[in-house]
Every structure is written in structure tokens, then in C-alpha cells.
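The values are calculated or read from the model by the stated rules, or taken from the named source; none is laboratory data. This one's a predicted model, so the numbers in the text were calculated from it and none came from an experiment. Ideal geometry is used to build each Cβ from the backbone, glycine not excepted, and the neighbour counts take in all protein chains shown. Ligands, DNA and RNA are stripped out before the accessible areas are found, and what is left, the full protein with its side chains, is counted by its heavy atoms. Shrake-Rupley method; radii C 1.70, N 1.55, O 1.52, S 1.80 Å.
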Amino acid sequence: MAGGQGHLDLMPWYARLGFALGLSIVIVMGTMSAMAHESAWNAKTIACLLLALMIVAGMGATTYYYHLHENDDQPQSGDDDSVTLLHPPDAERAR
């Protein structure tokens, strides 16, 4: 989740927890598989690597989603606080 603190604050806690726990479990399982077999690169290690890449892609997609929708929960009001046209006072118009 590399979108910055503002994007992380918008995400629910269970999404952050799920991604972090999932990635850490996959990394540990891949490390265990690499150490348990003769060759470090075996089918289970590659599967763990692909699963870790999918989780990281999910993290990026979730962060991007919250980046796009960060202003959706603010109400849209008809009041516009900006000045669109400034009219001089009546005394200056008379000149």
C-alpha cells in the first residue's frame, strides 16, 4: 500500500490487515519451501512468488481505488464560495 498516509486512512482496517497478513504468510511459506527442498526454486516456491505478486497487485489496485474515490464521501452542495464576477460599488459606476 504505497499511496501515502492519506490513502491508507481512507481504507478500512480489515483490508490493510488482510493484505499484510496474507503477504506475510505467503512470504514465510515461500521461504520454508525454498529451504526444505534441494533446489530453492521449486514449484511451491514459484507458486508462492506468484501469489505474493498477486497480493501486491491487489494492494496497488485497492490503493488506486481509494485514490480515485477519496472525495466521494464529501457532500456536493450548490453553494459555490468562489467569486465569479466582481461588480464595483454603485458610487464608482456613476462616474
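Might you check whether a residue that is at pLDDT 60 or above, charged (D, E, K, R), out of contact with any Asp or Glu (no Cβ under 6 Å at 6 or more places or on another chain) and open to solvent by less than 100 Å² (accessible area, probe 1.4 Å) occurs anywhere in the range 82-90? No, the range 82-90 contains no residue that is at pLDDT 60 or above, charged (D, E, K, R), out of contact with any Asp or Glu (no Cβ under 6 Å at 6 or more places or on another chain) and open to solvent by less than 100 Å² (accessible area, probe 1.4 Å). Looking only at the range 19-32, residues that are free of Cβ contacts under 8 Å to residues at least 24 places away in the same chain and surrounded by 14 or more Cβ atoms within 10 Å (Cβ to Cβ) come to 3 in all. If I go through the range 1-18 residue by residue, how many of them are outside any helix (DSSP H, G or I) and open to solvent by less than 70 Å² (accessible area, probe 1.4 Å)? Qualifying residue count for the region: 5. A Cβ distance below 7 Å, combined with a sequence gap of six or more or placement on separate chains, defines the contacts here; from the range 33-54, residues that are touching a residue at least 24 places away in the same chain (Cβ under 8 Å) reach residues that are surrounded by 11 or more Cβ atoms within 10 Å (Cβ to Cβ) and in a helix (DSSP H, G or I) in the pairs 51/26; 52/23; 52/26; 52/27; 52/30. Of all the residues that make up the range 19-46, how many are touching a Gly at 6+ places or on another chain (Cβ under 7 Å) and closer than 26 Å to residue 63 by Cα? Adding up the residues that qualify gives 1.
Against the list (1) surrounded by 11 or more Cβ atoms within 10 Å (Cβ to Cβ); (2) modelled with pLDDT of 90 or more; (3) not acidic (Asp, Glu), the condition residue 39 fails is (1).
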